[in-house]
Amino acid sequence: MNKNLLIYVVEDNKLYHKLVVDFLQKQGLKNLKSFYNGKDCLDAIKGGERPDIVIQDYHLEDSTGIAVLQAVKKRSKTSEFIFLTANEDMEVAVNSIKYGAFDYIIKDNDIALKKVYSKIGKIAKMIELEKRNRFTRNAMTVTVIILVAIVIFVALHEFFDLFGLQNK
């Protein structure tokens, strides 16, 4: 797993915030930025940062998780969201996924953080596959362009040969 992914943690409960950040750091994740509210997270995005992953609570003091998700996605379409929340409302969970969250995890026990780490691993693999796909598409495009250029060159060469227009 790429341990240098830029990961935001947005959690207004200071104790749980520290628990999440400490857990992720112990897993070797190095590029973590933490925020205690949605506004500070959005300010960082407006400042030009593009997190790979945002782990956030659904209920924040200054907004809802979906509002933050929508605002971030407007500026950073590739950022993935993992909701880590105590809100067990099924409709909220479904709406979160509908609006683009990668997953919705309930803070119900000690395995919640392990689930978050597992999801980070899946997102990291997905990001790596997307990079490989882009590289492959670009390589194929360059190959096609080279092949078309060769075909045109050969066709022109044959055309000039056919009509005796070559310089001798």
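Some notes on this structure:
- Residue within region 115-124 that is part of a loop (DSSP other than H, G, I, E, B) and touching a Leu at 6+ places or on another chain (Cβ under 9 Å) present: no
- In the set (1) outside any helix (DSSP H, G or I); (2) surrounded by 17 or more Cβ atoms within 10 Å (Cβ to Cβ), the condition left unmet by Thr78 is number (2).
- Between Leu32, Leu42, the distinction of being out of contact with any Lys or Arg (no Cβ under 9 Å at 6 or more places or on another chain), surrounded by 13 or more Cβ atoms within 10 Å (Cβ to Cβ) and of a type outside the set (Lys, Arg) belongs to Leu32 only.
- Scanning region 2-14 turns up one or more residues that are touching a Cys at 6+ places or on another chain (Cβ under 7 Å), at pLDDT 95 or above, closer than 23 Å to Ala124 by Cβ and of a type outside the set (S, T, N, Q).
For (1) touching a residue at least 40 places away in the same chain (Cβ under 8 Å); (2) of a type in the set (Val, Ile, Thr); (3) in contact with a His (Cβ under 6 Å, 6 or more places away or on another chain), each residue gets a yes or a no:
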{"site": "Lys3", "(1), (2), (3)": "no, no, no"}
{"site": "Tyr8", "(1), (2), (3)": "yes, no, no"}
{"site": "Asn13", "(1), (2), (3)": "yes, no, no"}
{"site": "His17", "(1), (2), (3)": "no, no, no"}
{"site": "Asn31", "(1), (2), (3)": "no, no, no"}
{"site": "Gly48", "(1), (2), (3)": "no, no, no"}
{"site": "Phe83", "(1), (2), (3)": "no, no, no"}
{"site": "Ala93", "(1), (2), (3)": "no, no, no"}
{"site": "Ile97", "(1), (2), (3)": "no, yes, no"}
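- Complete set of residues in region 81-104 that are aliphatic (A, V, I, L, M), in a helix (DSSP H, G or I) and crowded, with 19+ Cβ neighbours inside 10 Å: Ala93
- Scanning region 8-33 for residues that are in a strand (DSSP E or B) and over 22 Å from Asn109 (Cβ atoms) returns Tyr8, Leu32, Lys33.
- Criterion applied to Lys125, Lys119 was being in contact with a Phe, Trp or Tyr (Cβ under 7 Å, 6 or more places away or on another chain), of a type in the set (D, E, K, R) and in contact (Cβ under 8 Å) with a residue 24 or more places away in the chain, and the one residue passing it is Lys119.
- For region 64-87, the set of residues classified as touching a Gly at 6+ places or on another chain (Cβ under 9 Å), among the small types (Gly, Ala, Ser) and over 25 Å from Ile111 (Cα atoms) consists of Ala67, Ala71, listed by residue number.
The values are calculated or read from the model by the stated rules, or taken from the named source; none is laboratory data. As the structure is a prediction and not an experimental result, all values here were calculated from the model. Ideal geometry is used to build each Cβ from the backbone, glycine not excepted, and the neighbour counts take in all protein chains shown.
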